[in-house]
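The values are calculated or read from the model by the stated rules, or taken from the named source; none is laboratory data. Owing to the predicted nature of the structure, the values given are computational and were not obtained by experimental measurement. Because the Cβ atoms are built from the backbone with ideal geometry, glycine has one as well, and the counts that use them run over all protein chains shown. Note: areas computed on protein heavy atoms with side chains; ligands, DNA, RNA excluded. Shrake-Rupley method; radii C 1.70, N 1.55, O 1.52, S 1.80 Å.
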Amino acid sequence: ALNELVFSAAVSVCAKEGRVRPALRLVQRMQDRGLRPTRVTYASLIHACAQSGEWRRALELLAEMEDKGGALEPNIYAYAGALRACSRAGEWRGGLALFD
């Protein structure tokens, strides 16, 4: 059955290739089925953003995690992905803003 784990794995595959849009579509399908993205799902989306140079989107996703808190509280992988996204785009100020 398609559950959070399966969707998160598919998002992770997209992330490795830097395919943000397909990853976001998978998350939308996940939500359409009544499933909630997990911390792993978000971290994979942030990684996809890092791979594709979408540093602003990575920071937006990280902020979304922080806002939702609880089980979605960002972990080291989410923060590292956001920092990597900023670094790859030459947006060091965006990366440093994470420490404010």
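Please tell me if Ala10 is without any contact (Cβ under 8 Å) to a residue 24 or more places away in the chain, of a type in the set (Gly, Ala, Ser), part of a helix (DSSP H, G or I) and closer than 18 Å to Phe99 by Cα.
So Ala10 does not fit the description; no.
Might you check whether a residue that is more than 20 Å from Ala10 (Cα to Cα), open to solvent by 10 Å² or more (accessible area, probe 1.4 Å), in a helix (DSSP H, G or I) and in contact with a helix residue (DSSP H, G or I) (Cβ under 9 Å, 6 or more places away or on another chain) occurs anywhere in region 32-54?
Looking through region 32-54, none of the residues is more than 20 Å from Ala10 (Cα to Cα), open to solvent by 10 Å² or more (accessible area, probe 1.4 Å), in a helix (DSSP H, G or I) and in contact with a helix residue (DSSP H, G or I) (Cβ under 9 Å, 6 or more places away or on another chain).
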